[in-house]
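Heads up, the thing below is written out as structure tokens.
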Amino acid sequence: MSHERDDSASEIADTTEPSGELASAQSSPEPAAEVPLALSDPATGGGSPEPEPESPQEPPSETAEEVPSVESVETVETVETVGKGAAKSRWPAFAWGERVIPDLRDHGLGFLLCAVYVLLLIWTAKSLGYARDEGFYFDAARSYARWFDVLSSNWREAITRQSVDAFWQANHEHPALMKSLFALSWKYLYVKHHVFAEAGTAMRFPGMVMGGAMLWLAYIMGSRAYSRRAGLFAALALALMPRYFYHAHLDCFDVPVMFWWTLVVYCYWRSIEGSMLWAVLTGIAWGCALNVKFNCFMLPVVFLIHWFVVRGRHVGSSAKLGGFSAPVAVLSMLTLGVVTFVALWPWMWFDFLSAEGGRPGRLGEYLSFHWNHPYYNMEFFGHNYFRPPFPRSFPYVMIAYTVPAITLVLFTVGLISRVPALLRQSAALAWFVPPVGALRALHQQHVRRDGDDPLGLDVLFLGAGYAILALWLKTNTPIFGGTKHWFTAYPFLCLFAGAGFEYFVRASEKTLRVRMPRVSKWWPAWLLVLLPAAVQTQHSHPFGLTAYTPLAGGTPGSADRGMNRQFWGFTTGSLVSFFNERVPPNGSVFIHDTAWPSWEMMQSDRRLRPDIRVVWEVGPADFAIVHHELHMMEVDGQIWTAFGQARLAHVVTHDGVPIVSVYENPRLRGESRQP
């Protein structure tokens, strides 16, 4: 698919031959002066690389019947890597003629994807109960909101240690950025301006926006790297993952950290095109990402590995000359990133490195908490894991069982189709690692081809996607979070799936155009690949953690295989109609795995009658609930003993699989307790 676009205004262009700028980018500039830290020219792989040999280009084949080879469709709409502004200055001006932002039409579509998805999340939020972790973040957000009140009335008092410690002590084991946004959303969109009717939805709103913005970002990245079609598929494939759809509703960090992780990768990508502005933005974005979740500490290592793999020649030659080649973006991360991290988290303003008496400071306390995080229960193939060793296969099986199969198939196709580009992008390693003869031989063939990406984006996407999954090579990496702990891999999985979809469509067009010209249009492919995922996602709600794909046999098959049905106690939200109807006035409920703040929020939002009381022992309860997880089987027996019978009053199921059960105390029916 071609797009006729003005070269001076577009950042995504179809190219069959290198443009003047791209061609000049692939030639070698004069050797740069030796510096301890150098930002290399984006197209040549360094300030002083050796000139690349050129090879004659064969004319393209015009045989219509021939199905395109892997390499012939590996890049449909390539990125012009060096804009005119970049040749003039490292600090490009914000002018319409400069390539500072992608085409506004692409951002318009990205914004539309974001807005529609956020509206869909808001529309479907009321049927989704509040999870345990959400309850803890509700309490923390209210505390932070009180600090913002003090800040707006007397900022000098607000920044004192006494004030900071009083308000930011709550949930200080987790970073503050998202909880601050939860607080501000609740304060302004619920309390002050009444935009939302529910306090819980107002607090969830920033996470929903991050979920929508992730689609926007996925589309832009896919469009710049591969094609608009690939970018759009990547965004929609991500939106139609059942687990992503569930987590995108929540007042939690897992979808937001996916967005910030991917944004940092995008900023780094733009920075190695030669822009100092994007290098600065990489540092700031990383500081924000650190302030969302712990695992973003990995990103500088990911970028250095990418730099080494793609620009191994220059790294090696710089080292021989006594220099050191590294991307300026990483330096920005280690300076501006750290400053941003601390600035956005008032708890870290005091005792940052050390506390009174030589004790570790708050940074050390935070790192220690997550490095030594307690283990929780998780069922996997009928076994309850609550301490190491954990199975290394866990993330890969869960990806296979929870990501729609068509997305995984197209990811595989896309990754295979990009293998030639991946090898060419990383072949410079052969120069730096002489013992690897195969790579050295490959290096001799490392000649730029039409459409090649000198920035090594395929290597970057593969590394940024796999980095988090590599943690499960260790058997002591916790598995209690189900799929949410490797969410940062999913945008890149979908980007490669987008490349696979592009390959599939172009191969189909070229094949079918001769036989059935009117059927060679690509729009039926969208229906073919997206409808199954859309149906699975719609069917999963509001049981996002219960739903499994047909590869696992759906929810019934996963139950037969002994897979986890849920965690966090959020399925209590599916019982509100039953409790509102059946619990007597001022009646009581044993709420099992539901956190008290989550239950309280359902009452605050008027989903649940305010007179229904919570009790923490089964005996005095009028009703008792059980969230079905393997390690909680004993709770059924405790209720049978306390109530003297095993009669169920209500069962919530998904595709016939029990998710949460309710027992009624026989005394409500005037029955005596059976021995």
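Restricting attention to the range 241-252, the residues that are part of a helix (DSSP H, G or I) and either of a type outside the set (Ser, Thr, Tyr) or touching a Gly at 6+ places or on another chain (Cβ under 7 Å) (or both) total 5.
Which residues, taken from the range 253-277, are assigned to a helix (DSSP H, G or I), open to solvent by less than 10 Å² (accessible area, probe 1.4 Å) and either among the aliphatic types (A, V, I, L, M) or touching an Asp or Glu at 6+ places or on another chain (Cβ under 6 Å) (or both)? Of everything in the range 253-277, those that are assigned to a helix (DSSP H, G or I), open to solvent by less than 10 Å² (accessible area, probe 1.4 Å) and either among the aliphatic types (A, V, I, L, M) or touching an Asp or Glu at 6+ places or on another chain (Cβ under 6 Å) (or both) turn out to be Val255, Val257, Met258, Val264, Val265. Note on the range 117-130: residues that are within 19 Å of the chain's Cα centre (by Cα) and in contact (Cβ under 8 Å) with a residue 40 or more places away in the chain total 3. Within the option set Ile659, Ile591, Ile612, being touching a residue at least 40 places away in the same chain (Cβ under 8 Å), in contact with a helix residue (DSSP H, G or I) (Cβ under 7 Å, 6 or more places away or on another chain) and of a type in the set (Val, Ile, Thr) holds for one residue only, Ile659. With the condition kept exactly as written, say whether any residue in the range 521-532 is farther than 18 Å from Thr407 by Cα, over 28 Å from the mean Cα position of the chain (by Cα) and free of Cβ contacts under 8 Å to residues at least 60 places away in the same chain. Yes, the range 521-532 contains a residue that is farther than 18 Å from Thr407 by Cα, over 28 Å from the mean Cα position of the chain (by Cα) and free of Cβ contacts under 8 Å to residues at least 60 places away in the same chain. In the range 574-596, the count of residues that are farther than 25 Å from Phe643 by Cα, open to solvent by less than 40 Å² (accessible area, probe 1.4 Å), in contact with a Phe, Trp or Tyr (Cβ under 9 Å, 6 or more places away or on another chain) and not aliphatic (A, V, I, L, M) is zero. Quick one: would you say Leu238 is outside any loop (DSSP other than H, G, I, E, B), out of contact with any strand residue (DSSP E or B) (no Cβ under 7 Å at 6 or more places or on another chain) and not aromatic (Phe, Trp, Tyr)? Answer is yes for this residue. Look through the range 169-203, keep the residues that are farther than 18 Å from Asp254 by Cα and of a type in the set (Lys, Arg), and return whichever of them is surrounded by the most Cβ atoms within 10 Å (Cβ to Cβ). Looking at residues that are farther than 18 Å from Asp254 by Cα and of a type in the set (Lys, Arg), I get Lys187. With respect to the conditions (1) open to solvent by 10 Å² or more (accessible area, probe 1.4 Å); (2) touching a residue at least 60 places away in the same chain (Cβ under 8 Å); (3) not polar (S, T, N, Q), Ala166 lacks only one, and its number is (2). Of all the residues in the range 616-631, those that are surrounded by 15 or more Cβ atoms within 10 Å (Cβ to Cβ) and closer than 16 Å to Asp593 by Cα number 10. Has the range 317-329 got any residue that is surrounded by 24 or more Cβ atoms within 10 Å (Cβ to Cβ), modelled with pLDDT of 90 or more and assigned to a helix (DSSP H, G or I)? Yes: the range 317-329 contains one or more residues that are surrounded by 24 or more Cβ atoms within 10 Å (Cβ to Cβ), modelled with pLDDT of 90 or more and assigned to a helix (DSSP H, G or I). Going residue by residue through the range 270-290, is there one that turns out to be β-branched (Val, Ile, Thr) and within 13 Å of the chain's Cα centre (by Cα)? No, every residue in the range 270-290 fails to be β-branched (Val, Ile, Thr) and within 13 Å of the chain's Cα centre (by Cα).
A quick yes/no check of all residues on (1) of a type in the set (Gly, Ala, Ser); (2) under 29 Å from Gly562 (Cβ atoms); (3) in contact with a Lys or Arg (Cβ under 6 Å, 6 or more places away or on another chain); (4) surrounded by 14 or more Cβ atoms within 10 Å (Cβ to Cβ):
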site: Glu356; (1), (2), (3), (4): no, no, no, no
site: Gly361; (1), (2), (3), (4): yes, no, no, yes
site: Glu365; (1), (2), (3), (4): no, no, no, yes
site: Glu379; (1), (2), (3), (4): no, yes, no, yes
site: Pro389; (1), (2), (3), (4): no, yes, no, no
site: Ser393; (1), (2), (3), (4): yes, yes, no, no
site: Met398; (1), (2), (3), (4): no, yes, no, yes
site: Thr407; (1), (2), (3), (4): no, yes, no, yes
site: Phe411; (1), (2), (3), (4): no, yes, no, yes
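When the range 642-660 is filtered for residues that are more than 16 Å from Leu575 (Cα to Cα) and open to solvent by 50 Å² or more (accessible area, probe 1.4 Å), the ones remaining, listed by number, are Ala646, Arg647, Asp655, Gly656. Helices (runs of 4 or more DSSP H) fully within the range 365-426 that include at least 3 residues being within 23 Å of the chain's Cα centre (by Cα): 394-402, 405-417. When the range 94-153 is filtered for residues that are open to solvent by less than 40 Å² (accessible area, probe 1.4 Å), of a type in the set (A, V, I, L, M, F, W, C) and modelled with pLDDT under 95, only Val100 remains.
The values are calculated or read from the model by the stated rules, or taken from the named source; none is laboratory data. Keep in mind that this is a model prediction, so the values were computed, not measured. Here the Cβ is made from the backbone with ideal geometry for all residues, glycine too, and neighbour counts use every protein chain on show. These accessible areas exclude ligands, DNA and RNA; they are computed on the full protein's heavy atoms, side chains included. Shrake-Rupley method; radii C 1.70, N 1.55, O 1.52, S 1.80 Å.
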